[in-house]
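Undergrad: One structure follows; several queries about it will come next.
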Amino acid sequence: TVPGAFDAWRKACDLGEPRACTDLGALVLERHEPPFPDEQPAAAYLTRGCDEGDPEGCFRLAEPTLPRRGEPAEADYVLLSRSCAGEFGDGCARLAQVHLDRSTSFDEELAADHLGTACANGHYLSCKHLGLMYARGQGVERDRARSRALLDRFRRTAPRRYLRVGVQGGLPSAFVGEA
């Protein structure tokens, strides 16, 4: 039950498990009535998770106040940096976007580094963006083989919400013995 989850995560958080503090913060953010006993604001749990070493907690703490484009507040930038240092894919991807919005060559190099970390940690759209950067030589040395490898990784592992266009050959299943 939801109240049981709250109690379990609160106990784990009190015992020093940072991921439990982050999960507790996410749970408190969801609408629920009545409030849980001894419930604190979600930011308190997320801050505790972040301070104790959970990179997702740092990202979730910064996420609500991040602008869509442009420079975030200094405190949010620090939280994104901590999230990426902990190798949280979404945090690295968002930090890369901050550097790409600045559009200097130094920032493009930083963005490529952050996109590589995000790609390696499950943010597959970052693989696509990094692959395109390698194809253009933007922030990295141009490398078509690396570009193809990253774009193939995106195609194989990205969620199916992206359109795939191509021709696939083979015999209809009726000819190979399957109904």
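The values are calculated or read from the model by the stated rules, or taken from the named source; none is laboratory data. Note that the coordinates shown come from a computational prediction; the quantities given were computed from them, not determined experimentally. Glycine also receives a Cβ, built like all others from the backbone with ideal geometry; neighbour counts cover every protein chain displayed. Side chains included, ligands, DNA and RNA excluded: accessible areas come from the protein's heavy atoms. Shrake-Rupley method; radii C 1.70, N 1.55, O 1.52, S 1.80 Å.
Undergrad: What is the residue count in the stretch 21-41 for residues that are exposed (fewer than 13 other Cβ atoms within 10 Å of the Cβ) and either under 26 Å from the mean Cα position of the chain (by Cα) or assigned to a helix (DSSP H, G or I) (or both)? Steps first, please.
TA: From the stretch 21-41, those exposed (fewer than 13 other Cβ atoms within 10 Å of the Cβ) are 30-31, 33-35, 37-38, 41; that's our starting set.
With the extra rule that they be either under 26 Å from the mean Cα position of the chain (by Cα) or assigned to a helix (DSSP H, G or I) (or both), the set shrinks to 30-31, 41.
Matching residues across the stretch 21-41 total 3.
Undergrad: Anything in the stretch 70-93 that is of a type outside the set (Gly, Ala, Ser) and either open to solvent by 30 Å² or more (accessible area, probe 1.4 Å) or under 11 Å from the mean Cα position of the chain (by Cα) (or both)? List them, or say none.
TA: Once the filter is applied, which keeps residues that are of a type outside the set (Gly, Ala, Ser) and either open to solvent by 30 Å² or more (accessible area, probe 1.4 Å) or under 11 Å from the mean Cα position of the chain (by Cα) (or both), the stretch 70-93 yields 71, 74, 77, 78, 80, 82, 84, 87, 88, 90, 92.
Undergrad: If you don't mind, there's one more thing I want to ask. Residues of the stretch 45-61 being assigned to a helix (DSSP H, G or I) and crowded, with 24+ Cβ neighbours inside 10 Å, which ones? Even if it seems obvious, please write down each step before you answer.
TA: Quick first cut of the stretch 45-61, residues assigned to a helix (DSSP H, G or I) only: 45-51, 55-61.
Matches in the stretch 45-61: 45, 46, 49, 50, 55, 57, 58, 59, 60, 61.
Undergrad: Sticking with this one: Do we find a residue being surrounded by 20 or more Cβ atoms within 10 Å (Cβ to Cβ) and not in a loop (DSSP other than H, G, I, E, B) anywhere in the stretch 62-69?
TA: From the stretch 62-69, those surrounded by 20 or more Cβ atoms within 10 Å (Cβ to Cβ) are 62; that's our starting set.
Filter once more, keeping what is not in a loop (DSSP other than H, G, I, E, B): 62.
Scanning the stretch 62-69 turns up at least one residue that is surrounded by 20 or more Cβ atoms within 10 Å (Cβ to Cβ) and not in a loop (DSSP other than H, G, I, E, B).
Undergrad: Among the listed residues 48, 31, 82, which satisfies the condition of being closer than 30 Å to residue 107 by Cβ and among the charged types (D, E, K, R)? Walk me through how you get there before you give the answer.
TA: Numbers: 48 fails: closer than 30 Å to residue 107 by Cβ; 31 fails: closer than 30 Å to residue 107 by Cβ.
Selected residue: 82, the only one of 48, 31, 82 that is closer than 30 Å to residue 107 by Cβ and among the charged types (D, E, K, R).
Undergrad: Out of the residues in the stretch 94-114 that are buried (at least 16 other Cβ atoms within 10 Å of the Cβ) and among the acidic types (Asp, Glu), state the one that is nearest to residue 52 (Cα to Cα).
TA: Per the criteria, the residue is 113.
Undergrad: Could I ask something else about it? Tally up the residues in the stretch 67-119 that are acidic (Asp, Glu) and either without any contact (Cβ under 8 Å) to a residue 24 or more places away in the chain or touching a Leu at 6+ places or on another chain (Cβ under 8 Å) (or both), please.
TA: Of the residues in the stretch 67-119, 5 are acidic (Asp, Glu) and either without any contact (Cβ under 8 Å) to a residue 24 or more places away in the chain or touching a Leu at 6+ places or on another chain (Cβ under 8 Å) (or both).
Undergrad: With the checklist (1) hydroxyl-bearing (Ser, Thr, Tyr); (2) modelled with pLDDT of 95 or more; (3) surrounded by fewer than 17 Cβ atoms within 10 Å (Cβ to Cβ) in hand, flag the one item residue 117 doesn't pass.
TA: Answer for residue 117: the failing condition is (3).
Undergrad: Restricting to the stretch 9-20, count the residues that are assigned to a loop (DSSP other than H, G, I, E, B) and of a type in the set (A, V, I, L, M).
TA: 1
Undergrad: Now for a separate question. Is there a residue being among the hydrophobic types (A, V, I, L, M, F, W, C), under 21 Å from residue 60 (Cβ atoms), modelled with pLDDT of 95 or more and open to solvent by less than 30 Å² (accessible area, probe 1.4 Å) anywhere in the stretch 126-144?
TA: Taking the stretch 126-144 and keeping what is among the hydrophobic types (A, V, I, L, M, F, W, C), we get 127, 130, 132-133, 135, 140.
The next check asks that each one be under 21 Å from residue 60 (Cβ atoms); those that pass are none.
Within the stretch 126-144 (the criterion being among the hydrophobic types (A, V, I, L, M, F, W, C), under 21 Å from residue 60 (Cβ atoms), modelled with pLDDT of 95 or more and open to solvent by less than 30 Å² (accessible area, probe 1.4 Å)), the answer is no, since none of the residues qualifies.
Undergrad: With the structure loaded, tell me whether residue 6 is out of contact with any Ser or Thr (no Cβ under 9 Å at 6 or more places or on another chain), open to solvent by less than 40 Å² (accessible area, probe 1.4 Å) and not in a helix (DSSP H, G or I) or whether it fails that test.
TA: Against the criterion (out of contact with any Ser or Thr (no Cβ under 9 Å at 6 or more places or on another chain), open to solvent by less than 40 Å² (accessible area, probe 1.4 Å) and not in a helix (DSSP H, G or I)), residue 6 does not qualify.
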